[in-house]
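Enquirer: Structure in structure tokens, see below.
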Amino acid sequence: MEARVLLCVLVLCWNPCGFAQNDYELQDDIFNDLDLVLNVAPRRERRQVKTMLTKETKPHMTELTVKTTVISRYAFTAVYCKMFNRHAFASEGTFHFQIPTAAYISNFTMIIGGRVFPSQIKPREKKAKKVKEGEGPTEKPKNPDNQGEGHMETFKMAVTIPGRNSAVFMLTYEQLLQRRLGYYEHVTSVRPLQLVSRLSVEVTVVEHSRITHLEVLPMRNGKAAASGNTADGRSAPMPISTVVERNNSMCRAKFSPSIVQQARLTTTGNLGDFVVRYDVEREMGIGDIQVLDGYFVHYFAPRDLPVVPKNVVFVIDTSASMLGTKMRQTKEALFTILRDLRQGDRFNFVSFSNRVRVWQPGKLVPVTPLNVRDAKKFIYMISPTGGTDINSAMQSGASLLSDYLSSPEAEAANQNSVSLIIFVTDGRPTVGELQTASILGNARSAVNEKFCVFTIGMGDDVDYRLLDRMALENCGTMRRIPEEADARTLLKGFYDEIGTPLLSDIEVEYSEDSVEYVTQHVFTNYFNGSEIVIAGKLTNQSSDTLHVKVAASNSDRSIVMETDVPLRQRQLETQKRMKAAGLATGMGLDAVRGIVPSAGSVHPTSKPSSAAAGNTNRGPGPKPGTRPALRPGTPQRGSASNHADRDRTQVTTDGSPSSTDPDGTQSELTNGPGYVERLWGFMSVKDGLRSRLRSHTSREREEHTQLAANLSMTYNFLTPLTDMNVERPQVLADGTLATEPTPTEETPTAAVIVGETGRGGGASNELAEGEESMGGGGGVSSGSSSSPSQSLTRKKDQPGKSTNGGKVTGSAVKRSSKKSVTISKTSADGDPHFVVEFPLSKLTVCFNINGEPGHVLRLVSDHKQSGVTVNGKLIGAPPPPGSHKQLRTYFSTITIVAAKPRRSYIELTPKKVILDGRDRMVLPCDKSVSVESGDLAVAIAAGANVTVTIRGNIGFVILLHQYKNPAAYQRDHLGFYISNSKGLSKDTHGLLGQFLNEEVALTNMTTNVTAITHHEPPTTAEGDTESESPPTPNNNNTAATTTALKVKGRTVPVVRKSRRIYSGREMVDCWFARNNAAKLIDGQYADYVVPHMFDTDTGPTGHSNSNANTD
């Protein structure tokens, strides 16, 4: 007990004002974390943690959650970071997170002071504008196109957090895992740079085939690749607190250290990389083909093939900058590589500095013990000195290979072989030819498409753009070795990836009448332990089969494999597998894209820019109306893993309303592209960027640039051709948040800084002005060399959506900011005009309510059952000129209260939406954004409508009626529509709710003609057209027959009307009940007037049969 009291005093001392605030989360988190280890942690460790937290001056990170879902190698990652400024004054908080260079960011959103600040993906301007002081990166990457495999880049955003307020940062990115040395490896950087109250990293893997290998490596903080074994060969222990769950084709690894466990590892918050490594069972033959929603992906990784002999020339930089550790580690790696050369291989060495030295001039030597010994002597005698003549070295190496391949000796070998140049340097050209364009052109001419060039850059002072393009233009790849890395291990690892070729000249063909757009499908080489990945778009989805043919060369023969793939069966298998993994339940396919609503998540769809939407050439994009949005990484609803996240906010910046299936769940096919389509989009962007770098004419370059840019916009990827703009909060001098955010349309405010220390290197998401960059890392097929002529291609005989000079250019899908919605006619809109649709009776009834300004009307009441209540407040407006009415009323505010399972509400006005759940958020109506918190979801289409969803089976749509230059009689107001009432009970009441479960019928009634003649004049409302027929008199002309409505045993006279709904876009015919809906509604008008906007009492009309007036 004394220890607990002492701990409470500790927390109070750390933040004496904390318990006076609304946000207790920080104190509670630290208390809980320390309390959990109170009996096991030494007193000294608890004292250290307390001291560190007390000394913190910057905002404290209360939570960092990273959730990844890998579906068939394609990984979706969602990062959720929450910071709390415990001071009374405003303080700057910086969110930074490292992502792989091969990944593309798909969304970034901030919630500060309860307000949402979404991001926007827009095309990159050709000439970047200057970054305003304090709004952009403080350090610009030196080489924006560094594509070092496995390297990380840092996404960084600094904002001012008001005093005693929270800031939430949500980032999502996507990547295709590449297979190397027989394994896929997913790396999550865990470097918050401070102790975190709640820290969690979760990686879920769902595969089509059986998972044959799974390991979680120790936290990797060094530069060399981590190993899963200790020095004595035993399996290394997993990181502390890691829990692994696994079945046949699915696994989940979770790392969630407490704050004291973090302190034991490091007090700086630099925990390292959380690495999950796995592999799957391989199908024999043509590989694994998965089909979903009109797209397919083909994984090809044959095994048990004989090794193809190789001809390899090692070109090694021996300039003075290599002196010391670099040269020593390079020599050690080369000694090891020499031992791994196989009989049948041929090799040579070229060293270069000011001058070029060739070990065995004019030839390649076979692998024999004597030649290996002599090569080791040559390597041992290398002494670094002089400058760097990259051009001459490349020419010498290429000449050696070209001369050998054309020699009688090579022809006499009578077998297929693979030829490679492995080029290693740590600097830039300083001697000889210095111009990048000349060096690249000379290399291209010397290689002449006869072999491949693989480049390795060591350290920070390397021209990575030169190495990247040299490799890319000659069917190779580039690898970066950081300055402090273990070069020996990384050099040997890279050689192992390309040192065992199994196939060459691989070409994959598909049915010309079934496939339109295919990513790279011709590859120069296939290496053991890698994988070839091809994605395509099906043009004929009704086709039953897809014919696939793979042709390649082995060491001594040609190989041809053909098969017919049953498309429908493969699609059903894919859907069944995802459903079995819990990825298609409740939220449909969207469940794979983020944390389910109970946990909250981020939709990674940044709002597309209108600039891209203006291009009407469709190209290889998704169908109009689809939402290329994904929500990465999800646990199952109700699982223990997401218990702590139950009330987390879910944000998406796409304003389109969610579609629902008849059972109330979101549609699997209408919520956006599936993972196969997004994988296709991801790979197509990579192909377009590679083709852009290889193009030799301005026209070709522009076509490839346009294609890649349009696809980047369509799938909301932050690539070298797009920018991300983020609205920034404006904090006033008193430390409070300004009413309106500060837009930063002039420049992106999110900085992407490459390199784990911010030095050197470049980012896949940065492109310097006037320079070319591929972006996002190496090729789409790990370890597979690409053909220089390959890019995103369309089958020649297939008509494209649009053409430009015979080539498909593609474009982004145009999306209007004012989304059109198809919803029920049951509504209250205008002055206020009520429309009720009776689907069972196939009738539509309408009526007007002449209310008083300031009255609050009960529209829907189901408080006792579903817990839902909807109230609307009236505002008055003068009549327009010539109108017979003295006063008009509209709904100015609508409140939706959801009392179950916990009380929360949504308050809507034409200007803003207030969501008050666990967190209170204020959302502007002029920005497209979506938020999910618990069972509530709000989707705003800027300036058009707001969609509210409760528990997935109750839906309302509120139309926004706003005037830019209103006349004296015009008022901004709201229209209320019921889009989904499946979750409301049969006892639902209110002005609209009472009719949701009723049936009505038309009948005839006899009425006195005189009475009709002296009846009050028709109250034709604005936008209505009345078509009332005169009553039909009987023989004595004293009575007439009129149409009436039979509802709840009451007979209500009605007339035929035409009424405009959906902001006047649609005309609906309805039966109009006059006299303020007398006899149509239960009770009277006064029964529906409630005392305030948040009233939920049932009242006298709470039951459908109370106060019923019957004839």
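The values are calculated or read from the model by the stated rules, or taken from the named source; none is laboratory data. On a predicted model such as this, the values are computed, not experimentally measured, just so you know. Glycine also receives a Cβ, built like all others from the backbone with ideal geometry; neighbour counts cover every protein chain displayed. Heavy atoms of the whole protein, side chains included, go into the accessibility calculation; ligands, DNA and RNA do not. Shrake-Rupley method; radii C 1.70, N 1.55, O 1.52, S 1.80 Å.
Enquirer: Please find, within segment 685-722, the residue that is nearest to residue 521 (Cα to Cα) out of those that are β-branched (Val, Ile, Thr) and at pLDDT 90 or above. Can you show your working first?
Expert: Of the residues in segment 685-722, the ones β-branched (Val, Ile, Thr) are 685, 697, 705, 714, 719, 722.
Then drop every residue that is not at pLDDT 90 or above, which leaves 685, 705, 719, 722.
On the way: 685: 15, 705: 20, 719: 23, 722: 26 Å.
Once the filter is applied, the top-ranked residue is 685.
Enquirer: Residue 327 passes all but one of (1) closer than 30 Å to residue 422 by Cβ; (2) touching a residue at least 60 places away in the same chain (Cβ under 8 Å); (3) not polar (S, T, N, Q); which number fails?
Expert: Failed condition: (2).
Enquirer: Still on this model: Restricting attention to segment 460-482, which residues are within 21 Å of residue 523 (Cβ to Cβ), open to solvent by 10 Å² or more (accessible area, probe 1.4 Å) and in a loop (DSSP other than H, G, I, E, B)?
Expert: Correct list: 473, 477.
Enquirer: Would you tally the residues in segment 818-843 being modelled with pLDDT of 85 or more and surrounded by fewer than 21 Cβ atoms within 10 Å (Cβ to Cβ)? Working first, answer last.
Expert: Filtering segment 818-843 for residues modelled with pLDDT of 85 or more gives 826-829, 834-837, 843.
The next check asks that each one be surrounded by fewer than 21 Cβ atoms within 10 Å (Cβ to Cβ); those that pass are 837, 843.
So the answer is 2.
Enquirer: Can you name every one of the helices (runs of 4 or more DSSP H) wholly within segment 319-433 that holds 1 or more residues which are crowded, with 17+ Cβ neighbours inside 10 Å and of a type in the set (Val, Ile, Thr)? Can you show your working first?
Expert: On the way: elements: 325-340, 369-380, 390-405, 408-413.
Qualifying helices (runs of 4 or more DSSP H): 325-340, 369-380, 390-405.
Enquirer: Looking only at segment 1086-1101, count every residue that is open to solvent by 20 Å² or more (accessible area, probe 1.4 Å) and modelled with pLDDT under 85 and tell me the total.
Expert: 4
Enquirer: In this structure, is residue 948 within 17 Å of residue 1094 (Cβ to Cβ) and either without any contact (Cβ under 8 Å) to a residue 24 or more places away in the chain or not in a loop (DSSP other than H, G, I, E, B) (or both)? Let's see the steps before the verdict.
Expert: Numbers: within 17 Å of residue 1094 (Cβ to Cβ): yes; either without any contact (Cβ under 8 Å) to a residue 24 or more places away in the chain or not in a loop (DSSP other than H, G, I, E, B) (or both): yes.
Yes: the conditions hold for residue 948.
Enquirer: I'm trying to understand the selection: among the residues of segment 442-459, which are open to solvent by 20 Å² or more (accessible area, probe 1.4 Å), under 22 Å from residue 687 (Cα atoms) and not basic (Lys, Arg)? Working first, answer last.
Expert: At the first step, the residues of segment 442-459 found to be open to solvent by 20 Å² or more (accessible area, probe 1.4 Å) are 442, 444-446, 448-450.
Narrowing further to those that are under 22 Å from residue 687 (Cα atoms): 444, 448-450.
Scanning segment 442-459 gives 448, 449.
Enquirer: Only one of 894, 914, 906 is in a strand (DSSP E or B) and touching a Phe, Trp or Tyr at 6+ places or on another chain (Cβ under 7 Å). Can you tell me which? Break it down stepwise before answering.
Expert: Working: 914 fails: touching a Phe, Trp or Tyr at 6+ places or on another chain (Cβ under 7 Å); 906 fails: touching a Phe, Trp or Tyr at 6+ places or on another chain (Cβ under 7 Å).
Answer to the check: 894.
Enquirer: Just wondering, is there one or more residues in segment 306-318 that are open to solvent by less than 10 Å² (accessible area, probe 1.4 Å) and of a type in the set (Lys, Arg)?
Expert: yes
Enquirer: Right, here's the next one. Give me the strands (runs of 3 or more DSSP E) completely within segment 973-1059, filtered to those with at least 3 residues that are over 30 Å from residue 955 (Cα atoms), open to solvent by less than 70 Å² (accessible area, probe 1.4 Å) and modelled with pLDDT under 80, ordered by residue number. Outline the logic, then answer.
Expert: Details: elements: 973-980, 1000-1008, 1039-1047.
Counting at least 3 such residues, we get 1039-1047.
Enquirer: Of all the residues that make up segment 162-200, how many are in a strand (DSSP E or B) and not basic (Lys, Arg)?
Expert: Within segment 162-200, residues that are in a strand (DSSP E or B) and not basic (Lys, Arg) number 22.
Enquirer: Same structure again: Taking segment 681-732, which residues are part of a helix (DSSP H, G or I), touching a Lys or Arg at 6+ places or on another chain (Cβ under 7 Å) and of a type in the set (Ser, Thr, Tyr)?
Expert: Taking segment 681-732 as the starting set, the residues that turn out to be part of a helix (DSSP H, G or I) are 681-694, 698-714.
Now drop any that are not touching a Lys or Arg at 6+ places or on another chain (Cβ under 7 Å), which leaves 692-693, 701, 703-705, 708.
Across segment 681-732, the qualifying residue is only 705.
Enquirer: If I ask for residues that are among the small types (Gly, Ala, Ser), part of a strand (DSSP E or B) and open to solvent by 10 Å² or more (accessible area, probe 1.4 Å), which ones from segment 54-101 would you list? Let's see the steps before the verdict.
Expert: Initially, segment 54-101 is screened for residues among the small types (Gly, Ala, Ser), giving 72, 75, 78, 88, 90-91, 93.
With part of a strand (DSSP E or B) added as a condition, the list becomes 75, 78, 91, 93.
Passing the criteria: only 91.
Enquirer: Regarding residue 963, is this residue open to solvent by 10 Å² or more (accessible area, probe 1.4 Å), assigned to a loop (DSSP other than H, G, I, E, B), closer than 25 Å to residue 1089 by Cα and of a type outside the set (A, V, I, L, M, F, W, C)? Spell out how you get there, then give the answer.
Expert: Working: open to solvent by 10 Å² or more (accessible area, probe 1.4 Å): yes; assigned to a loop (DSSP other than H, G, I, E, B): yes; closer than 25 Å to residue 1089 by Cα: no; of a type outside the set (A, V, I, L, M, F, W, C): yes.
Spelling it out, it is not the case that residue 963 is open to solvent by 10 Å² or more (accessible area, probe 1.4 Å), assigned to a loop (DSSP other than H, G, I, E, B), closer than 25 Å to residue 1089 by Cα and of a type outside the set (A, V, I, L, M, F, W, C).
Enquirer: Scan segment 486-525 for residues that are aliphatic (A, V, I, L, M) and open to solvent by 10 Å² or more (accessible area, probe 1.4 Å) and jot them down. Can you show your working first?
Expert: Let us first name the residues in segment 486-525 that are aliphatic (A, V, I, L, M), namely 487, 490-491, 498, 502-503, 506, 508, 515, 518, 522.
Residues satisfying the conditions are 490, 491, 522.
Enquirer: Also, quick follow-up: Does segment 890-912 include one or more residues that are over 25 Å from residue 115 (Cβ atoms) and crowded, with 19+ Cβ neighbours inside 10 Å? Show your work before the answer.
Expert: Kept after step one, since they are over 25 Å from residue 115 (Cβ atoms), are these residues of segment 890-912: 890, 899-901.
Add one more test, that the residue is crowded, with 19+ Cβ neighbours inside 10 Å, and what stays is 890.
Looking through segment 890-912, at least one residue is over 25 Å from residue 115 (Cβ atoms) and crowded, with 19+ Cβ neighbours inside 10 Å.
Enquirer: Taking segment 698-709 as the region of interest, how many residues are open to solvent by 10 Å² or more (accessible area, probe 1.4 Å) and either closer than 12 Å to residue 123 by Cβ or without any contact (Cβ under 8 Å) to a residue 12 or more places away in the chain (or both)?
Expert: Result for segment 698-709: 7.
Enquirer: Taking the condition of being in contact (Cβ under 8 Å) with a residue 40 or more places away in the chain, under 45 Å from the mean Cα position of the chain (by Cα) and open to solvent by 30 Å² or more (accessible area, probe 1.4 Å), how many residues in segment 844-887 meet it?
Expert: Final tally of qualifying residues: 6.
Enquirer: Here is a further query. Could you list, in sequence order, the residues of segment 914-955 that are surrounded by 21 or more Cβ atoms within 10 Å (Cβ to Cβ) and among the β-branched types (Val, Ile, Thr)?
Expert: Residues satisfying the conditions are 929, 931, 938, 940, 946, 947, 948, 949, 950, 954.
Enquirer: Which is assigned to a strand (DSSP E or B) and under 26 Å from residue 399 (Cα atoms), of 315, 291, 275?
Expert: Details: 291 fails: under 26 Å from residue 399 (Cα atoms); 275 fails: under 26 Å from residue 399 (Cα atoms).
Result of the check over 315, 291, 275: 315.
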